[in-house]
1. Full-extension gain between residue 655 and residue 542, please, as 0.36 nm times their residue separation minus the C-alpha to C-alpha distance.
2. Please compute the length gained on full extension between residue 321 and residue 492, using 0.36 nm multiplied by the number of residues separating them and subtracting their Cα-Cα distance.
3. Need one number: the % of Cα-Cα pairs in the stretch 451-565 sitting beyond the 25 Å mark.
4. Quick one: if you stick a label point 7 Å off each Cα along the C-beta vector at residue 169 and residue 515, how many nm between them?
5. How would you rank 42, 657, going from fewest to most other Cβ atoms within 10 Å of each one's own Cβ?
6. If I take all pairs of Cα atoms in the stretch 571-684, what percentage of them are more than 21 Å from each other?
7. Would you mind computing, in nm to one decimal, how far apart the modelled labels at residue 92 and residue 203 are, each placed 7 Å from Cα along Cα→Cβ?
8. Taking the alpha-carbon centroid of each part, what is the distance from the stretch 570-611 to the stretch 141-182 in angstrom?
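The numbers here are math on the coordinates, done by the rules we state, and not lab data. Computed from a predicted structure; not experimentally measured. Positions of Cβ are backbone-derived with ideal geometry, glycine not excepted, and every protein chain shown enters the neighbour counts.
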């Protein structure tokens, strides 16, 4: 039994617990084996959940484990540290994280980009919990807006977008720094978010003027191609080819924020290494290079940003002549983008969504009205503020739910491991008993299962007319399945050499060999069997009961009903970011597509039924799926005890006859979880209206 268990059972004072935590931290630094380090981090995580006040004092010692190059160790270390942050140690923690971010710039390790992304997410979490530290980190992180790791740069710009709204005092400095570093952004996925910030938070005359100037410089000279180039496709292709070779443009379906699919013209990873020469001049602008690869979604964002800046310029600029000049310049840019999208010089034509968006901006600048002006200058930002407030409320609700612990009642029974008899218990049962005793001793034991749930887990294995009646009580405990089979001799003879023979299908493995028993007439006995589970997959256990009688020498066989192990015992609801969900969705190769076939006629009720049936967490915020509009799309996420991710997208639409139609898509890294979840949904989706 481990040291932590001894501490809990012995009820040692805080000094002893602190000494144990210190020992774990020292071992974490001295041990070279990564598996040992992961085990130690698990122990520290358990200690943190039970004695957080003591662990808070050792947060810097825990963070020293970041010196390990292993990403799994670093991730666990950051997860533990983020739960131990307080007002007293936040500055030390952020300072240490900043040093680690600077170290990743060396480029010595090939996974520095992923590690930097983890650090940025950790700093973001710190700044959200303690806004006062945002000013010390935001400018450092903005240096990574041009990072070659697109995911890392996306995390930075998302952090900047949230901080500029939640910390109004930093608005001026952030906008100034963003305008100065905008030309460094080389990722087509980062530019739209940066442009949105410029359009929403450039408020003063100098900021608006600088914003328009920065965008104009990054777009370069107009037009994007000349008439002579259009008539000579050979030369045009030569001029645009260098950019296309640096970035391969594609037209592929992407996942929108609500989980639906859309076709978007974009550049794959959209990073480039050198400026593009067009019309014989140096086009140093990053926006120009991205547009010439066919990223017209970015062109639509540029048009919207220029429209917002021009509308705001009218409020802060007294000279109508200067405003009209700026309007003309913005219209020229928009028309040039439309011209490029419809020209043969472009890698592919502009998509309809981007075309309509740019045309809308042109119409607005030509025919302004107060109603549209209010929508563009106020409503967009109000929607973002609402999104942030809802996110914070959800996080607070989750923290409150986690903080609620069930304490043991004064008259609850506590069984101590050392005082128990170990006779007839397997090693697995001993370990389970230890874990249960620890939970009882520390007041964390919760009775998750009531009597009704226990009855649901009893499975009848034979018929009532069989000479031997058997039923099994199935308990799933993380990586193990414990079968407690009750066998009743219904005959008037003694059954000799009675043996329970089991076999498995799927990633299940029997732990112990079957034993022979003798069973007197009319008596019963309990036979225990343990099975190891190695992956999240629906498994099947089947077998026989074989016995002999004194009168007949031949062996009798009773075939048992199959026991199906439910996948729901292995997965639990989990949370991930929108960006992480999209990344995993794009990476996972196994997809199971299930057609909707249900009697439920309400979209929200059907979604709630699927969430309950699959034991998953809905990542789509409630505000995005409320109301009646005839269709619904939501993302669900769960994680298995083996660390596997399960992603589900529900897209449904109400037909004219009131019936629901659509598809439920399941994606995972392994085939087993995708197929098992699909079977579960197919079985359960009809539900009841």
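1. Full extension of this stretch gives 36.3 nm more.
2. Contour length minus Cα-Cα distance gives 50.7 nm.
3. 23 percent
4. 7.1 nm
5. 657, 42
6. Percentage above 21 Å: 32.
7. 3.7 nm
8. 32 Å
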